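Here the structure is laid out as structure tokens; the discussion comes afterwards.
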Amino acid sequence: MKKSNVLLLMPLALLFPLFLKAQAQQVLPPMISVNGIGEVKVQPDEVVVTLGVELRDKNLDQVRQQTDKRAAAIIAYLKKQGVESKHIQTSYMQVQPVHSSASSDYGRTTPDFYMAHKTMTFVLTKLDKFDEVISGLYGVGINRVDGISFRVSDVEKHKVAARKKAVSDAKSKAAALTAELGAKVGKVYSISENTDGGGPRPLYAQQNMMMRDAAMSEAGGPSIAGGEVVITSTVNVSFVIEQ
């Protein structure tokens with residue numbers, strides 16, 4: 001074979017697999033694609049609380065030591081209330097100088113005071129102890145509550161239930177649509193799924209002493225309500241249509 005013919009055949013050989021792939025992609029069976037949605041509503045059994053200590057002092061070492069002392073007292077108190085060590089985490093800390101914006105001496109290097117801030121997050125597994133624990137935390141030194149959120153401990157079990165509902169919903173929709181056209185649902189061609197795991201759901205974020213008013217309310221009842229956590233699963237399923 002001449003060299004020119006070989007050179008001509010080489011590009012064709014390279015393109016032939018792409019041609020076959022394109023043909024295969026074009027020949028698809030008749031299909032119907034539907035979305036299925038499944039929801040499971042459960043009562044939360046855990047509350048995640050983010051709180052902190054914020055102090056100011058003209059002495060850097062003093063404000064740092066005071067903040068650390070309060071943080072240690074908070075951790076000790078939580079453990080005494082039955083909160084496990086794995087459920088207590090220091091999530092933020094900062095020490096910084098603060099200069100007054102009203103000062104006209106912008107070249108001054110000495111700050112007006114130092115501010116130390118330490119934030120901790122803990123998980124309370126007994127929601128009925130919330131008011132008691134929060135009230136006690138104010139007694140050992142917290143001066144801000146940044147927020148709480150609810151979650152479900154056995155969320156994986158509820159994810160499975162939500163997914164089953166979503167698949168059943170997809171089957172029902174596909175069967176109803178094909179029946180209207182005088183056809184029926186065949187085998188599954190493809191499926192994809194997305195599940196919202198019902199993680200911590202923010203309830204509010206209030207700072208400083210506002211939480212104390214709620215925790216020490218004289219209304220005679222609990223100061224929080226967990227409501228429901230909704231775990232949602234969405235599936236997209238393509239079925240082959242059979243005539």
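The values are calculated or read from the model by the stated rules, or taken from the named source; none is laboratory data. Given the structure is predicted, the values throughout are model-derived calculations rather than measurements. Cβ atoms come from the backbone with ideal geometry, glycine included; neighbour counts cover every protein chain shown.
Summed over the stretch 107-132, residues that are without any contact (Cβ under 8 Å) to a residue 60 or more places away in the chain and closer than 29 Å to Arg56 by Cβ total 8. Applying the condition of being of a type outside the set (A, V, I, L, M, F, W, C) and more than 9 Å from Lys118 (Cα to Cα) to the stretch 82-97 and asking which residue is farthest from the chain's Cα centre (by Cα) yields Pro97. Of all the criteria given as (1) at pLDDT 90 or above; (2) surrounded by 13 or more Cβ atoms within 10 Å (Cβ to Cβ); (3) more than 25 Å from Glu46 (Cα to Cα), the one not satisfied by Asn59 is (2). Scanning the stretch 56-80 for residues that are part of a helix (DSSP H, G or I) and among the polar types (S, T, N, Q) yields Gln62, Gln65, Gln66, Thr67. Residue count for the stretch 113-126 satisfying the condition of being surrounded by fewer than 17 Cβ atoms within 10 Å (Cβ to Cβ) and either of a type in the set (Val, Ile, Thr) or not in a strand (DSSP E or B) (or both): 2. Among the residues of the stretch 23-55, which ones are over 29 Å from the mean Cα position of the chain (by Cα) and part of a strand (DSSP E or B)? Met31, Ile32, Ser33, Leu55, listed by residue number. Pull out all pairs, ordered by first then second residue, where Cβ-Cβ is under 7 Å, the residues are six or more apart or on different chains, the first lies in the stretch 150-179 and is touching a residue at least 60 places away in the same chain (Cβ under 8 Å), and the second is among the aromatic types (Phe, Trp, Tyr). Filtered contacts from the stretch 150-179: Ala174/Phe239. Within the stretch 200-213, identify whether any single residue is over 30 Å from Leu28 (Cβ atoms), modelled with pLDDT under 90 and touching a Phe, Trp or Tyr at 6+ places or on another chain (Cβ under 6 Å), and answer yes or no. Among the residues of the stretch 200-213, at least one is over 30 Å from Leu28 (Cβ atoms), modelled with pLDDT under 90 and touching a Phe, Trp or Tyr at 6+ places or on another chain (Cβ under 6 Å), which makes the answer yes.
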